[in-house]
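The values are calculated or read from the model by the stated rules, or taken from the named source; none is laboratory data. For clarity, every value in this text was computed on a predicted model and none was experimentally measured. Quick reminder, even Gly has a Cβ in these numbers, built from the backbone with ideal geometry, and neighbours come from all protein chains shown.
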Amino acid sequence: MRMWLKLMLGLGMLAAIAALLLWQRYQQFLQTPALSAAVASFDVPRGMGYVQMVAQLQRSGATGERWQWLLLARLEPARARLKAGEYAFAVGLKPEQVLEQMVRGRVKHYHFTIIEGIRFVELRRVLSRDSRLQQTLIGLSEAEIARRLHSASPALEGRFLPETYAFVRGDSDFSVLKRAHAAMAAALTQYWAQRDPASPLKSTEDLLKLASIVEKETGHGPERDEIAGVFTRRLKLGMKLQTDPTVIYGLGDSFDGNLTRKHLKTPTPYNSYTQFGLPPTPIALPGRASLAATIRPAPGNALYFVARGDGTSSFSATLDEHNRAVSKYQLKR
């Protein structure tokens, strides 16, 4: 009986020592970085179980043994409640931090940047090439997209704010457009409230149209408010805007990059050399800087400007001064 008791005590001690060693290994596992290298993309599909996730994580280079990862969730079951999505893991994360990221749904974010001055057709083209977005707009007309956006106008030119938008893999191209559309509507409301009381603009629609012209005419950022001032004074005086970008927009796909005198004399709704006032729609996507310049243009008496050829412009108050500037900066080139 004593021998049996000694044997049982000995086995118990061995089991206790083994359990202690395993616990020490587990504690060491908790304090060791879970990944020896960064994981740029780790996908947790809907319905994936915790055990499957552990296997996939180990295939991606995770340290630790399977039983250690399973014990981690067994001791705290909430750690096994993973949210589906794509994740990115940095080097140095501890096992608990890796699980916390998936439990909290801190998925990997991508960014889509809308560039100032592009046209809606160009925005659609760039969106359609982004493989990270679910493509839902292919084949839809502009009017159909406008209806989905609940846009006040079927023409969508200019109605998306150029900014950088974060999204997760699988978001739709429409979701990006919808956010940019809402951001532009909010920006127009914001800037319209700050407009110069003497502005000839009658509505946010006018603001959007003129800001799009300022955006396309600006090769040098600091000149935006001066260029806006020229067009604002022209509108007040009832002068034609005479801006090349509107003519080019009206030519559409027929424009080959060479603007001629014939083009300037060809009547279209967008030809500001033959038509008075603002064009029927915006001609591009204006950024915040152009919107701000348009509602608070620079004071002065300039009614003309011409590109110097170095990205800046020469401003003139009279036609004679302007013609001399054209001769100096354009004809010689």
Could you list, in sequence order, all residues of the range 253-285 that are farther than 16 Å from ILE213 by Cα and under 29 Å from the mean Cα position of the chain (by Cα)?
ASP253, PHE255, GLY257
Residues of the range 117-152 satisfying the condition of being assigned to a loop (DSSP other than H, G, I, E, B), without any contact (Cβ under 8 Å) to a residue 12 or more places away in the chain and on the phi < 0 side of the Ramachandran plot
ARG129, SER131, ILE138, LEU140, SER141, ALA152
Could you say which residue among GLY229, GLY219, GLY250, GLY257 is assigned to a loop (DSSP other than H, G, I, E, B), of a type in the set (Gly, Ala, Ser) and touching a residue at least 12 places away in the same chain (Cβ under 8 Å)?
GLY219
If you take the residues of the range 308-325 that are in contact (Cβ under 8 Å) with a residue 40 or more places away in the chain and surrounded by 12 or more Cβ atoms within 10 Å (Cβ to Cβ), which of them is farthest from HIS220 (Cα to Cα)?
PHE315
Failed criterion for GLY252 (all others in (1) modelled with pLDDT of 95 or more; (2) closer than 17 Å to LEU156 by Cα hold)
(1)
Per-region count, the range 181-200, residues in a helix (DSSP H, G or I) and farther than 13 Å from LEU137 by Cβ:
11
Residue check for GLU100: acidic (Asp, Glu) and assigned to a helix (DSSP H, G or I):
yes
Only one of (1) part of a loop (DSSP other than H, G, I, E, B); (2) modelled with pLDDT under 95 fails for GLN68. Which number is that?
(1)
Going through the range 19-42 one residue at a time, which ones are surrounded by 13 or more Cβ atoms within 10 Å (Cβ to Cβ) and farther than 10 Å from THR63 by Cβ?
LEU22, ARG25, TYR26, LEU30, VAL39, PHE42
Is it the case that some residue within the range 35-53 is free of Cβ contacts under 8 Å to residues at least 24 places away in the same chain and in a helix (DSSP H, G or I)?
yes
